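Worksheet for the structure shown next.
The values are calculated or read from the model by the stated rules, or taken from the named source; none is laboratory data. Bear in mind the structure is a predicted one, so any value in this text is a computation, not a measurement. Using ideal geometry, Cβ is built from the backbone for each residue, glycine included, and neighbour counts are taken over all protein chains shown.
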């Protein structure tokens with residue numbers, strides 16, 4: 001059974017947070033999450049991430065305008081565990097062994113002030129360092145630390161575009177070029 005990880009993005013101020021929320025979704029996708037739940041209403045963010053998924057491959061989903069507490073309670077009722085990333089939690093290295101064991105994990109990433117209820121609903125409140133920094137960085141480090149394989153070398157199925165690693169320069173292969181080469 002494949003490990004299922006989803007990211008719940010709490011709060012999103014459309015004029016201030018659109019790039020960060022997009023980066024949370026793209027980071028989650030690139031590092032192995034199955035999808036992102038957006039606990040605010042910004043369909044454009046969901047559309048942008050889904051468009052990137054269709055171009056670069058994979059099966060990542062985005063659900064817009066969800067109820068954060070309802071989603072957490074539903075996830076837990078289905079046997080999932082919840083990890084809230086916060087600078088006030090236990091340090092990530094202490095949590096990694098337990099997080100790695102989970103087959104169904106929701107990672108909560110905040111934006112604006114996180115309601116106290118979230119701290120109580122989470123199975124773990126986890127700090128990626130105890131200093132203020134980017135939620136994108138916290139998510140990336142967490143995803144990397146709990147992955148069973150190297151998420152940086154993952155291959156995404158059904159990609160229209162594939163980036164070819166190079167020391168100098170850049171190369172992107174388009175799906176139709178791949179088909180001609182076969």
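Answer yes or no as to whether residue 44 is over 25 Å from residue 121 (Cβ atoms) and either part of a loop (DSSP other than H, G, I, E, B) or at pLDDT below 90 (or both). Full working, then the answer.
Values: over 25 Å from residue 121 (Cβ atoms): yes; either part of a loop (DSSP other than H, G, I, E, B) or at pLDDT below 90 (or both): no.
No, not satisfied.
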Of (1) under 19 Å from residue 118 (Cβ atoms); (2) buried (at least 16 other Cβ atoms within 10 Å of the Cβ); (3) in contact with a strand residue (DSSP E or B) (Cβ under 6 Å, 6 or more places away or on another chain), residue 11 fails just (3)
Considering only the range 119-141, state which residues are within 17 Å of residue 20 (Cα to Cα) and either modelled with pLDDT of 95 or more or within 15 Å of the chain's Cα centre (by Cα) (or both).
134, 135, 136, 137, 138, 139, 140, 141
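Among the listed residues 26, 37, identify the single one that is surrounded by 17 or more Cβ atoms within 10 Å (Cβ to Cβ), outside any helix (DSSP H, G or I) and at pLDDT 90 or above. Full working, then the answer.
On the way: 26 fails: outside any helix (DSSP H, G or I).
Result of the check over 26, 37: 37.
Residue-by-condition table, conditions (1) in a helix (DSSP H, G or I); (2) more than 17 Å from residue 100 (Cβ to Cβ):
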site	(1), (2)
125	no, yes
131	no, yes
137	yes, yes
141	yes, no
157	no, yes
167	no, yes
Look at the range 83-123 and say how many of its residues are in a strand (DSSP E or B) and closer than 19 Å to residue 36 by Cα.
10
So for the range 52-72 (the condition being at pLDDT below 95, surrounded by fewer than 21 Cβ atoms within 10 Å (Cβ to Cβ), more than 16 Å from the chain's Cα centre (by Cα) and not in a loop (DSSP other than H, G, I, E, B)), does at least one residue qualify?
yes
Checking residue 6 against (1) within 23 Å of residue 150 (Cβ to Cβ); (2) more than 13 Å from the chain's Cα centre (by Cα), which single condition isn't satisfied?
(2)
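Per-residue answers, yes or no, for (1) buried (at least 16 other Cβ atoms within 10 Å of the Cβ); (2) under 22 Å from residue 2 (Cβ atoms):
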{"residue": "107", "(1), (2)": "yes, yes"}
{"residue": "114", "(1), (2)": "yes, no"}
{"residue": "118", "(1), (2)": "yes, no"}
{"residue": "125", "(1), (2)": "yes, no"}
{"residue": "128", "(1), (2)": "yes, no"}
{"residue": "134", "(1), (2)": "no, no"}
{"residue": "142", "(1), (2)": "yes, yes"}
{"residue": "153", "(1), (2)": "no, yes"}
{"residue": "160", "(1), (2)": "no, no"}
